[in-house]
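Below is one structure, written out as structure tokens; comments come after it.
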Amino acid sequence: VASDDPPLRLALGATGASEMRAALTARLADLDKWADVTQAAGA
Amino acid sequence: MATETSRVWFITGASSGIGRELARQALDAGEAVAAVSRNTAGLAELGKPDLLLAVDADVRDEAAVRKAAEAAASRFGRIDVVANNAGYGLFGAVEEAADGQARAIFDTNVFGVLNVLRAVLPVLRAQRSGHILQGSSYFGQTAIPGVGLLAATKYAVEGLSDALAAEVAPLGIKVTLIQPGLVATPFLGNLDAAATASRTTTRRSARPSRRSGHCPRRHSPASRRSRRASAP
């Protein structure tokens with residue numbers, strides 16, 4: 001709270017941070033893998 | 001009244017866990033704390049009575065939370081940091097959660113958070129300053145078997161906080177989602193039992209291991225109890 005530019009999200013603890021990184025990476029991988037279907041669906 | 005340089009904290013779920021530790025550290029640093037809890041009996045142990053305002057309020061009670069915020073602003077003159085921390089966890093397979101359990105955890109973890117926001121934002125908006133710490137969890141970004149309902153509430157808090165941060169930024173108000181992993185708090189030690197469905201497919205327990213402090217990775221809904229704990 002002392003920062004002038006605090007983060008929107010702050011992970012606390014190495015275990016949780018690695019779990020979140022894995023989950024977010026998997027989410028991005030799905031987005032990439034199915035990009036053709038995503039694009040074909042239009043706007 | 002707080003000094004010009006020290007901060008004023010408004011902390012919910014202040015009687016235990018992360019909330020209590022935040023209150024203790026703030027008081028030790030000479031900052032003022034409005035500590036809100038359903039059970040304020042043990043808060044006096046934190047000392048610094050000149051800097052501590054203990055307020056009995058349940059975050060599910062909008063009127064009580066509003067009165068708590070008004071009391072804090074009245075006592076200390078402003079609110080600088082809001083730790084929107086009160087909440088609990090419910091452990092058990094999604095299928096096992098009874099309707100009442102599902103609604104109850106949303107009442108506290110989501111609608112309680114909203115009650116706090118509605119109570120403090122008029123104060124922060126008038127000041128054109130403030131920092132809101134939204135109590136989330138790493139289950140606000142990912143979920144594993146046994147934490148579906150807890151994660152659902154934290155995902156909700158994450159979504160509303162994304163919007164909130166953009167809405168209040170022009171007013172000089174900051175928002176940070178706090179995403180703890182499992183930490184050494186009464187989260188695992190203060191478990192309540194709740195009845196759950198028995199039509200399950202495995203006999204593994206869904207409860208987190210008290211020894212390891214981690215939830216099991218395998219889906220394990222066979223426990224006849226889902227588990228409830230004060231949330232990080």
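The values are calculated or read from the model by the stated rules, or taken from the named source; none is laboratory data. Source: prediction; values computed, not measured. Here the Cβ is made from the backbone with ideal geometry for all residues, glycine too, and neighbour counts use every protein chain on show. Surface accessibility is based on the protein's heavy atoms, side chains included, excluding ligands, DNA and RNA. Shrake-Rupley method; radii C 1.70, N 1.55, O 1.52, S 1.80 Å.
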Mind checking which residues of region B:1-44 are at pLDDT below 95 and either in contact with a His (Cβ under 8 Å, 6 or more places away or on another chain) or open to solvent by 70 Å² or more (accessible area, probe 1.4 Å) (or both)? B:MET1, B:THR3, B:GLU4, B:THR5, B:ASN39, B:ALA41, B:ALA44
Output for region B:114-130, where each listed residue is part of a helix (DSSP H, G or I) and surrounded by 24 or more Cβ atoms within 10 Å (Cβ to Cβ): B:ASN115, B:VAL116, B:ALA119, B:VAL120, B:LEU124
On the basis of being loosely packed, with under 11 Cβ neighbours inside 10 Å, at the interface with chain B (Cβ under 9 Å from one of its Cβ atoms) and either under 26 Å from B:LYS154 (Cβ atoms) or at pLDDT below 95 (or both), does A:ASP5 make the cut? yes
Being of a type in the set (D, E, K, R) and closer than 23 Å to B:TYR138 by Cα is the filter; apply it to region A:24-43 and report the residue that is nearest to the other protein chains (Cβ to nearest Cβ). A:ARG27
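Residue by residue through region B:112-133, note down the ones that are over 22 Å from A:ARG9 (Cβ atoms) and under 18 Å from the mean Cα position of the chain (by Cα).
B:ASN115, B:ARG118, B:ALA119, listed by residue number.
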Qualifying position, being on the phi > 0 side of the Ramachandran plot, within 13 Å of chain A (Cβ to nearest Cβ) and surrounded by fewer than 22 Cβ atoms within 10 Å (Cβ to Cβ), among B:GLY172, B:GLY159: B:GLY172
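Yes/no per residue for (1) open to solvent by less than 10 Å² (accessible area, probe 1.4 Å); (2) touching a residue at least 60 places away in the same chain (Cβ under 8 Å):
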site	(1), (2)
B:ALA69	yes, no
B:ILE79	yes, yes
B:ASN109	yes, yes
B:PHE139	yes, no
B:ALA143	no, no
For region A:13-23, which residues satisfy the criterion of being open to solvent by less than 70 Å² (accessible area, probe 1.4 Å) and either at the interface with another protein chain (Cβ under 7 Å from one of its Cβ atoms) or closer than 24 Å to B:ALA83 by Cα (or both)? A:GLY13, A:THR15, A:GLY16, A:ALA17, A:GLU19, A:MET20, A:ALA23
Residues that are open to solvent by less than 20 Å² (accessible area, probe 1.4 Å) and among the hydrophobic types (A, V, I, L, M, F, W, C), drawn from region B:87-107: B:LEU90, B:PHE91, B:ALA93, B:ILE105
Hey, does region B:76-98 have a residue that's assigned to a helix (DSSP H, G or I), of a type in the set (A, V, I, L, M) and more than 16 Å from the chain's Cα centre (by Cα)? yes
In region A:20-43, what residues are part of a helix (DSSP H, G or I) and either aromatic (Phe, Trp, Tyr) or closer than 21 Å to B:LEU133 by Cβ (or both)? A:MET20
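Quick check on my filter: what residues within region B:137-156 are touching a strand residue (DSSP E or B) at 6+ places or on another chain (Cβ under 7 Å), part of a helix (DSSP H, G or I) and more than 10 Å from every other protein chain (Cβ to nearest Cβ)? Even if it seems obvious, please write down each step before you answer.
Initial filter on region B:137-156 (touching a strand residue (DSSP E or B) at 6+ places or on another chain (Cβ under 7 Å)): B:137-138, B:140-141, B:146-147, B:149-150.
Of the ones still in play, those that are also part of a helix (DSSP H, G or I) are B:138, B:140, B:149-150.
Result: B:LEU149, B:LEU150.
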